[in-house]
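Working notes, beginning with the structure itself.
The values are calculated or read from the model by the stated rules, or taken from the named source; none is laboratory data. Nothing here was measured: the structure is a model prediction, and the numbers come from that model. Here the Cβ positions follow ideal geometry from the backbone for every residue, glycine too, while neighbour counts run over all protein chains shown. Heavy atoms of the whole protein, side chains included, go into the accessibility calculation; ligands, DNA and RNA do not. Shrake-Rupley method; radii C 1.70, N 1.55, O 1.52, S 1.80 Å.
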Amino acid sequence: MMQSTADARLHSEEARLVWPRVRARRHHVAIKIGATASAVIVITTTVVMIGFLAKTGVRGLMEAGVWQLFFGAHWKPEAGIFGGAPLLVGTIVSALGATLFGAIPAVFCALWLSDFAGPKTRAVYRRVMETAAAIPSVVYGWLALVHLVPVIAAVAHTIYGRDAAVGGEGLLSSAVLLGVMIAPTVMLLSLDAISRVPQNLRDASSALGASRWQTAIDVVLSGSRRGIYVAVFFGLSRAAGETMAVQMVIGGARMLPKDLFSPTTTISSQIVMDMQNARPGTPESNALFAMALILLVFSAGLVAITRRLGEKGNA
């Protein structure tokens, strides 16, 4: 009788031990199925989207003409003129200006926070930058339209004269705005990359007689350059693809800018402006898809350059 009671208790304990394992296995199977399904959905939608964009974009390139889309000086879809040079120049100059005004200062800001600022300052500044990175782009655009554009206009009139036909809307306003927008993201990514540099490398550099700035530049920046490349080119890609904020300050003129204070446009901004009047299947719509394909290739090229520079950094 005692033996049977002990056996029953043993079986009961074994059941309690085995049952959670069965549930855990089922749970793992469910997660595996969900993860696989999610991966298939994401990959399929991405491939379909890129395939459709490539097919329609190539059609637009053939209809409008490659030379015209890259070097034509006038963009007038309503007249069948698809000169994409103003869009390309506006996109590239704005993105490069954003890198100059925002990404590069953000990298050195991250270096200062990591190696020179105190822990409290670093924590507070990081929270502020995380909040700034989460602000919608249209808010940045509205603030720039109200506060930045008048300042740029005053600078332009100081340079060219009070009666000169220049204003605050243009490439310079767009570049400064984009620089402010991408700086928090670039700084956070750079700070994460810099924080992965081992402390013993800093200590060894200091032991050899290097100053803190020498250590920061020659050791920390060198050791984190792959992550910094990723941060800068990520910011450059975001600047190239920004739409609404840029549209609010760049002027929306479909022509090549004469200088940094002249209004012009970008690829993404012009797509937003023209998409409502471009019916699917028309040359106007296909030309917009062609410009979108060019922007996609440009962004993909930035990613490839980032990976290549990262590989050289690890060599």
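Within the set 253, 300, the sole residue that is among the hydrophobic types (A, V, I, L, M, F, W, C), surrounded by fewer than 18 Cβ atoms within 10 Å (Cβ to Cβ) and part of a loop (DSSP other than H, G, I, E, B) turns out to be 253. Across segment 124-145, a minimum of one residue is classified as open to solvent by less than 70 Å² (accessible area, probe 1.4 Å), more than 30 Å from residue 261 (Cβ to Cβ) and over 16 Å from the mean Cα position of the chain (by Cα). Pairs are defined by a Cβ separation below 9 Å, a sequence spacing of at least 6 or placement on different chains, a first member in segment 236-251 that is within 20 Å of residue 167 (Cβ to Cβ), and a second member that is among the charged types (D, E, K, R) and open to solvent by 30 Å² or more (accessible area, probe 1.4 Å); the pairs so defined are 248/169; 249/169; 250/169; 251/169. Note on segment 150-188: residues that are farther than 20 Å from residue 92 by Cβ and buried (at least 22 other Cβ atoms within 10 Å of the Cβ) total 4.
Among the residues of segment 66-83, those identified as in contact (Cβ under 8 Å) with a residue 60 or more places away in the chain and part of a strand (DSSP E or B) are 74, 75, 76, 82.
Selection of segment 113-122 for residues being free of Cβ contacts under 8 Å to residues at least 12 places away in the same chain and either surrounded by 12 or more Cβ atoms within 10 Å (Cβ to Cβ) or of a type in the set (Lys, Arg) (or both) yields 117, 120, 121, 122.
Here 43, 104 are screened, and the one residue that is aliphatic (A, V, I, L, M) and either touching a residue at least 24 places away in the same chain (Cβ under 8 Å) or open to solvent by less than 80 Å² (accessible area, probe 1.4 Å) (or both) is 104. The combined condition, being open to solvent by 20 Å² or more (accessible area, probe 1.4 Å), in contact (Cβ under 8 Å) with a residue 12 or more places away in the chain and either part of a helix (DSSP H, G or I) or of a type in the set (S, T, N, Q) (or both), is fulfilled by residue 293. Residues that are within 30 Å of residue 251 (Cβ to Cβ) and under 26 Å from the mean Cα position of the chain (by Cα) do occur in segment 44-54. Residues that are more than 24 Å from residue 292 (Cβ to Cβ) number at least 3 in the following helices (runs of 4 or more DSSP H) confined to segment 84-197: 104-115, 119-133, 137-143, 149-160, 171-195.
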